[in-house]
Amino acid sequence: MMRFLLLFSRQGKLRLQKWFTPMTEREKKKIIRDMTSMVLSRQPRSCNFLHWKDLKIIYKRYASLYFCLAIENQENELLALEVIHRYVELLDKYFGNVCELDIIFNFEKAYFILDEFLMGGEIQETSKQTVNRSIEASDMLQETMEEYMSKPAF
Amino acid sequence: MSPSVPLQEMIRAIRSARTQCEERGVIQRECAAIRAQFRQSDNGGRSHNLAKLLYVHMLGYPAHFGQMECVRMIASPRYSEKRVGYLGAMMLLDEKQDASLLITNSIKNDLSHSNQYVQSLALCTLACMGSAEMCRDLAPEIDRLLRASNSYIKKKAALCAVHIVRKVNDLGELFAPAARALLSEKNHGVLHGAVVLITELCERNPETLERFRKTVPDLVQIMKGLVISGYSPEHDVAGISDPFLQVRILRLLRILGRNNEAASDAMNDLLAQVATNTDSTKTVGNAVLYETVLTVLDIKSESGLRVLAVNILGRFLLNNDRNIRYIAMISLQKIVGTDHNAVQRHRGTIVDCLKDQDASVKRRALDLSLALVSASNIRSMMKELLIFLSSCPPELRAQAASGIFNAAERYAPSQRWHIDTILHVLTTAGGDVRDETVPNLIQLITNASELHCYTVHKLYRALLTDITQQSLVQVACWCIGEYGDLLLRGECQETEPVQVTEDDVLDALETVLQSHMSSPTTRGFALTATMKLSTRITDNVDRIRSIVSIYGSCIDVELQQRAVEYNALFKKYDHMRAAVLERMPVIEKNSPGHTNGESAVETLKEIPPAKVKQGESLLPPQPTNQVCDLLGLLGGPEETLQPSPALSSSAPGLPVNTGGTAGGDLLDLLGELEPTPVAPAPAMSVYEKDGVTLTLSCEKQSDSGLTVTLTASNTADSDISSFTLQAAVPKSVQLHMKAPSGDSLPAQGAAKVTQIVILNNPNKVNLKMRVRVSYTRQGAAIQDTVQIDSFPGL
């Protein structure tokens, strides 16, 4: 099971946080501090796996963003790298050549995409196309509903 | 009231703030506006407001006032508001907040909504932050959705069920049948969810595990389909068809096949197929191979398959990708205990990884190398490990040093090699070794008696080069003090001879004493070593005297005490100096404390042997009557002991060396009893009072060793219980009491109690023994003492 997923910039600013187990605000803040300091201090060409408490931390850098995923001990680290990569691909497809600014200004969309891909700490859908189609359909529903609601009723 | 800005503008405003203070100002203004908006009832921009609040929350600012707004928005009929409302619930509410209960009803309603995207919102939120109560409430709904809905909802319901099972263990039973049915679905998302659910159920409940073993053939079939079938564009990742599902199925097979022959057999072929057919050029292929290897090693697979798995790990070790090498070493670490030989084949590669740049890889390589050390490869491995120690990162030093010590202790091919290795470690990483290294090393050196000359030469040279490594300096000082005469003799078989004068040695020790880099313990070692040299050198004793007297006024209390005592040794007790400072005997590891073998109350601690330990306080002036001194140690002035007329009368009164007649005397008293066969040595009765008799016989074991047998019997009419003997001997004699044969003496001498005492009298002093007899008779506790001044047969 995955415990949390964090996205932060090279300067340590948090861009996305997803927690799969209940935690207090203080614990969350502490973890964010620990993760950012641990990951940002790593050498450029070192191993992508870290140990922290009883979890394995998998991190990968894409352009200016660090993706940091914490998994339990019995999980497969190489597959976790693939999970991170899959999420980046989904974001890329949705935003078209995604960059950090897209995630900053459309953070709620990033969350919606994540919620179609992962759920409860596990992978929900293994097919890229299915996830994309679901997101598009949800967006469509939101727009049509809004249009419908804003049109005057006769 | 300022108009609220759209979300994107607010984000822009926050980002353009140049200082933290400015940012806080912008956010405070926005939060105020948002709060005002929340208080208003329905307006069109509610979802934007909440989104803004969530952004502010992500920056780390408090946002709890948005919780009720989330609850309201979730209940709204508009999809856009529900979407943001649920997102807010996942971010701001968790099961510890009270407000989370309020959304249970909304979730319940939305679970049966006509629109699947609304249903999915509810399912997602429940799986993210559902508390145990919510899960219990909504479990039947989830079960219904698992059975009858489209695949989009089914896959989400499966993962929701996983969350419910994690929160409320008992509900696992509810979902088991539905999970079983889901395995026949074609949709990969649903299959994946089903496999995860079954894995979770099996991990938590062994009975469920048994039931699901029957699914192994189905799982094997699904896996085969994934591996063999052609290209499927929807699930393909770099040539592997749906690696996520493959890995999950492999994990489930691992759990099902563990400790079960039948299940393991059923998956053997499949695992072999996956292991050989999977393309390992990309990470994704290696991920599947890794999971396969883990499964093979965990189930009861046949040996050929295990060898295949270990070979895959060996290939991983040679991979360019650092991650893969790291993974390989972790897995090898897990199996080094069970498949030791297979891992040994890759030892060369593992040792090469010690030189890798990455710290995590180095750490793993160190663990694995230490595990692979064996008697046959100890020399080559140690060479590599010592090279590693000299260049390893500081956080690994302590671990490496202690690992090297353990390995050296277990597999050292020769004592000289062992000592060399330890010295090497001390010179390279002396600051990181554990505290017990110094006594361990000293013990090792004393044991290797033929290497004393070699050791002291090496240590002296090491001391000359560097006095910063405290452990090394301590050991060196101790050795120089102990074996200084060997050092000064000059010639040594094992190393080149070097001329060392007494002045050189004293110079070296003084440097250590005066250096501010030496710790107090080290200076203590150096001072004692200097003192010990006074008996081992001939010319410069005066120099030693002056050093010792200087330190008599040292600020450090420990050094001052030592110096004062050594001064006293020079002045008043010069006649004893040689004996006090003579060579130490071989120190035994874990020498058992001498006890008198009794379990009774008031066990007297044994008088310690007279060998003076180095650095101990001086002996008090020897009293003329040594045994009288012992009385104080027996705990209690003489007045408390019962006056025993027997004491004064029995010793001289009793005939000495009566041999068998003593036994005969007792016999008359005992009446019809057969005499217990007396030991071959003559027995002597040493105590006789109130019917309690104690006889003593002794046997010489060696030049200084003596075995004394004390036999007690009871000739009176009442029984005696809790009979114990305690003994004390002069200080220079060693005493070892073995366990008595019993502690009760029945009346009329029906049984006897024997106790064997082993004495060692190396100094051949006049042997005396004082024995205290304690027993209970008719409820009264009685104690008596008898002094034995002469031993029969000596």
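The values are calculated or read from the model by the stated rules, or taken from the named source; none is laboratory data. Here the structure is a predicted model, which means the values were calculated and not measured. So basically every Cβ, Gly included, is an ideal-geometry build from the backbone, and we count neighbours across all protein chains shown. Areas reflect the complete protein model, heavy atoms only, side chains present, ligands, DNA and RNA absent. Shrake-Rupley method; radii C 1.70, N 1.55, O 1.52, S 1.80 Å.
The table below lists the values:
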read-out	value
Rg to Rh quotient for the protein assembly as shown, alpha carbon positions, Kirkwood Rh	1.16
Förster-model FRET efficiency, 41 Å R0, residue B:184 and residue B:307, C-beta, rounded to 0.05	0.70
Label point 7 Å beyond Cα of residue A:34 along Cβ direction - residues of region A:1-23 with amide nitrogen under 14 Å	A:3-5, A:23
Proximal lysine pairs, chain A, alpha carbons under 18 Å, eight or more residues apart or interchain	18
Rg in Å to one decimal, and Dmax rounded to a whole Å, for region B:717-775 via C-alpha atoms	14.1, 44
Shielded residues, region B:56-70 - accessible-area loss of 50 Å² or more between chain alone and all protein chains, probe 1.4 Å	B:58
Cα convex hull of region B:88-212 - mean projected area over all directions, nm²	7.2
Positions from region A:28-64 whose accessible area shrinks by 40 Å² or more when the full protein complex is built, not the chain alone, probe 1.4 Å	A:47, A:49, A:51
Within-11-Å neighbourhood charge of residue B:308 [Cβ basis; K, R +1; D, E -1]	+1
Chains A and B together, accessible area buried on both sides, 1.4 angstrom probe, square angstrom	5800
Accessible area (Å², per residue) of the protein assembly as shown, counting only protein heavy atoms and a probe of 1.4 Å	44
Relative contact order, percent, chain B [alpha-carbon distance under 8 Å, six or more residues apart]	5
Average projection area in nm² (convex hull over Cα atoms of chain B, one quarter of hull surface)	55.8
Region B:337-402 versus region A:1-80: alpha-carbon centroid distance in Å	29
Potential lengthening between residue B:99 and residue B:718 on full extension [0.36 nm per residue; Cα-Cα distance subtracted]	214.6 nm
At 1.002 mPa s and 20 °C, Stokes D of region B:414-500 from Kirkwood alpha-carbon radius, µm² per second	167
Extension gain (nm, one decimal) between residue B:541 and residue B:269, 0.36 nm per residue minus Cα-Cα	89.6 nm
Karplus (6.51, -1.76, 1.60) ³J(HN,Hα), θ = phi - 60°, over region B:159-164, in Hz, Gly and Pro reported as x	5, 5, 4, 4, 4, 4
Per-pair calculated FRET efficiency, R0 = 45 Å: residue B:519 and residue A:88 via Cβ, rounded to 0.05	0.25
FRET efficiency estimate (nearest 0.05) - Cβ-Cβ, residue B:567 to residue B:507, R0 22 angstrom	0.55
Over region B:139-279 - Rg/Rh using Cα atoms and the Kirkwood inverse-distance radius	0.97
Estimated [θ] at 222 nm from DSSP helical runs (n ≥ 4, -39500 (n - 2.57)) normalised by residues in the protein assembly as shown, nearest 500	-17500 deg cm²/dmol
More than 22 Å apart - percent of Cα-Cα pairs taken over region B:1-97	25
Added length on full extension, which subtracts the Cα-Cα distance from 0.36 nm per residue, residue B:549 to residue B:170	128.5 nm
Alpha carbon convex hull of region A:1-123, volume per residue in cubic angstrom	106
Whole-Hz couplings from phi, Karplus 6.51/-1.76/1.60, listed for region B:719-729; x for Gly and Pro	6, 10, 10, 6, 7, 9, 10, 10, 9, 9, 10
Of all accessible heavy-atom area on chain B, the percent that carbon and sulfur account for (1.4 Å)	51
Simple Cβ-charge dipole of region B:675-794, Lys/Arg +1 and Asp/Glu -1, about Cα centre, in debye nearest 20	380
Relative compactness, region B:312-459, computed as alpha-carbon Rg over 2.2 N^0.38 Å	1.11
Computed log₁₀ I(q)/I(0) - Debye formula, equal Cα scatterers, no solvent, region B:247-329, q 0.17, 0.21, 0.25 Å⁻¹	-0.61, -0.91, -1.21
Minimum 20 Å² accessible area buried by the other protein chains, region B:230-261 residues, probe 1.4 Å, relative to alone	B:234, B:235, B:237, B:244, B:247, B:248, B:251
